[in-house]
Each structure stands twice: as C-alpha cells, then as structure tokens.
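Data block below; observations after.
The values are calculated or read from the model by the stated rules, or taken from the named source; none is laboratory data. Every value quoted in this text rests on a predicted model; they were computed, and no experiment measured them. When we count neighbours, we look across all protein chains shown, and the Cβ atoms used for this are built from the backbone with ideal geometry, even at glycine.
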Amino acid sequence: MIHARGSASKAFIILSTFFIVSVVMASCSSRPTTEEALLEQAFDAIKENDWEAYQKLTITYADFLLKAQKTSRAEEQMSYAGGVLKPEELQSQREQFDRAVAGGEGQIDFRRTEFIGAGPVFLESTMELLTAEEKVPFKIYALKIAEGGMQRETRDLFPRFTVVPWEGEYRVMRLEFPKTDSQ
C-alpha cells in the first residue's frame, strides 16, 4: 500500500509540474488580446532592442489586402501586395523600430523608462482596403511611462503606436514619428 501511495504522489507531482510549466510557457508567448497588452509587449521589445519579438507584434497593410483576396502562398509572392508592397512595408517597420530604439530629441527613451499603460488616443478612424466597404479600424496611441520615479503621458514625445485588430488580437501597424522636410 505504501508503494502505491508513493507512485500516486510521484504522478501527482509530475502532472502538477507539467501543468505549471505549461501555464508559464503559455503566458510567456501570449499573443496580445488587448491593445494595452500589445503596447506593453511592443514597448518591451523596443526597450530590449529585440526586432524578432517586435516583428511578431506587427501587421502590414499588405496582410489585410492578401487576407481579403484569399490568396495562396504562391499567389501571394506573385501579387503586388505580397511581392512588392509587403517587403516595402516590412523594411519601413524595421526602420521605424530602429529609430525608436535609437531615441533622440523629442522621443521616448525606452532604455530609461518603464511602461505604465496605454496613453491617450490621438486618432481613431478607419482605413479603406480595396473598396469603401472594406475598412479596418485603427487607433494611434501615446503611452503612459515612468522615468526617475515620475509618471507621465507621452503626448509630446514620439513614437506613437498605430494599433489595429487582427484575427481576435491586436497588432502594431506602424510607429508614428513627426514628418520631416525630406518625407
């Protein structure tokens, strides 16, 4: 009888450990189901200069077009949206990410600040896809941050985050910076 209890206890410990590890792993790789969770994950990826983590949180206009067209992988590569537009947008997102990481005058210093929450929404609207009936809602957010023990909103700092819904989750479409003379 003692041997059976020992086996049951070991089985319980193994199952409990498996459950805890599963929960921890799931929370580490969680996809953002709220706009605030997305903003926090994007903030952390920029702070850590982790392009791969940031890229998993992004979406392109081309992705919306391709989804609406219901194209196969091969057709995606041959289409304008998949073959030209998407690579251009991905390159632009990488440049925005690098600019955010680098910081500078009038920008959030991700290395010295902590994410507190979503800040004010500067713009809430929709963008048209191929037809006026096909629209995607978006919001452009500032953040709430803490630096040196002081909390503030980043109303006067950049980047701002353009957030869109995507398949029950949220994604960053782009980082917004002030326009320069060369843009």
Just a yes or no: is a residue in segment 110-117 among the hydroxyl-bearing types (Ser, Thr, Tyr) and either modelled with pLDDT under 95 or part of a strand (DSSP E or B) (or both)?
-> no
Of those in segment 69-108 that are within 23 Å of residue 52 (Cβ to Cβ), modelled with pLDDT of 85 or more and charged (D, E, K, R), the residue surrounded by the most Cβ atoms within 10 Å (Cβ to Cβ) is 89
